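The structure appears below as structure tokens.
The values are calculated or read from the model by the stated rules, or taken from the named source; none is laboratory data. Note that this is a predicted model, so its numbers are computed, not measured. Cβ placement follows ideal geometry from the backbone for every residue including glycine, while neighbour counts extend to all protein chains displayed.
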Ligand SMILES: O=C(O)C(=O)C[C@H](O)[C@H](O)COP(=O)(O)O
């Protein structure tokens, strides 16, 4: 199975977006792209998430728009219909795997145990979202999983911030991390897009320094 992983190799950090107000979708996406983070995970946690995906897909050509919090095949197909270019799921299921194959959309399946990793590998996936990373043992756990699963790469998400970014990105098995620290609620509410652009740019510099030193 050949999967287009451009979304995960584009930058070492995938911002996780919770969009409550549709009018914030485009300026927020533009700020993140301008800061150097083009791959965006729009969570399906809010009523306007699908509309936000569609707007960004149409209006921000340099963004790689993805959908997050995808929990079944129907949701995955709905995201495809709105222009999502990749799919992230907090966990995995046969319905998600089947819909990803049917739509040919790249999927980053969520896993949090060795059995789930084996099931995802059986379905053809070797880049997995380790979620929720910090609550599941963090970088220490990921290091341990790399023993039995040396070919698997991870995008850990959940509880990651500039304070512990190094723990993850310095592991060879970690290809990128996901996180919401780049889009803080207060910055969105005050429409402070420059602050978000700056947080993205800082994340890029920090991540590049970590990867270069590893
Ligand atoms: O909604 C989903 O699909 C998720 O998988 C959850 C998000 O990826 C994490 O909640 C982000 O974690 P924080 O960076 O700690 O906020």
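Can you pull out the residues in the stretch 45-71 that are part of a helix (DSSP H, G or I) and within 16 Å of the ligand (Cβ to nearest atom)? Across the stretch 45-71, the qualifying residues are 49, 50, 52, 53.
Which residues, taken from the stretch 191-210, are exposed (fewer than 14 other Cβ atoms within 10 Å of the Cβ) and modelled with pLDDT under 95? Selection gives 209 alone. Consider the stretch 1-38 and keep the residues that are within 13 Å of the ligand (Cβ to nearest atom) and buried (at least 21 other Cβ atoms within 10 Å of the Cβ). The one that is farthest from residue 164 (Cα to Cα) is 19. Entry remark, the stretch 1-44: residues being assigned to a loop (DSSP other than H, G, I, E, B) and touching a residue at least 12 places away in the same chain (Cβ under 8 Å) number 16 in total.
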